[in-house]
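Only one structure is covered here, and it is reproduced in the block below.
The values are calculated or read from the model by the stated rules, or taken from the named source; none is laboratory data. What you see is a predicted model, and the numbers here were worked out from it, not measured in a lab. Here the Cβ positions follow ideal geometry from the backbone for every residue, glycine too, while neighbour counts run over all protein chains shown. We work out accessible area using only protein heavy atoms, side chains counted, and drop any ligands, DNA or RNA first. Shrake-Rupley method; radii C 1.70, N 1.55, O 1.52, S 1.80 Å.
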Amino acid sequence: MELVLVKTFNTEIEAELIKAYMESKGLMAYVFGNVLSATYNVFDTKSGGVQLKVAAENFDRAVELIDHYFNGEPGQEIDEF
């Protein structure tokens, strides 16, 4: 399975929140770079940041879910995966 980068975050917490949201909608997501961020207290994307990745075939769905998470109307549901 090829993993592709969907979004880079400044903190592990941000990435884990979106990962949990995606997984609640049936889409597996993976967080990378969280050890570096936590160990060295790096809060910027210059070091590569905390990366959220998904399987290549799920990229479009992941982008849609991220968009809905940040821009969706309150109470508006998105169809299950």
Legend entry - Verdict on V42 being in a helix (DSSP H, G or I) and at pLDDT below 80: no
Inset, instruction - Would you check if N71 is modelled with pLDDT of 95 or more and of a type in the set (S, T, N, Q)? - result: no
Legend entry - Residues satisfying the stated conditions in segment 25-39, i.e. at pLDDT below 95 and closer than 13 Å to I66 by Cα: K25
Inset, instruction - Please go through segment 1-22 and pick out each residue that is more than 10 Å from the chain's Cα centre (by Cα) and within 13 Å of A62 (Cα to Cα). - result: L3, V4
Inset, instruction - Among the residues of segment 1-26, write down those that are farther than 18 Å from G49 by Cβ and either among the β-branched types (V, I, T) or open to solvent by less than 30 Å² (accessible area, probe 1.4 Å) (or both). - result: K25
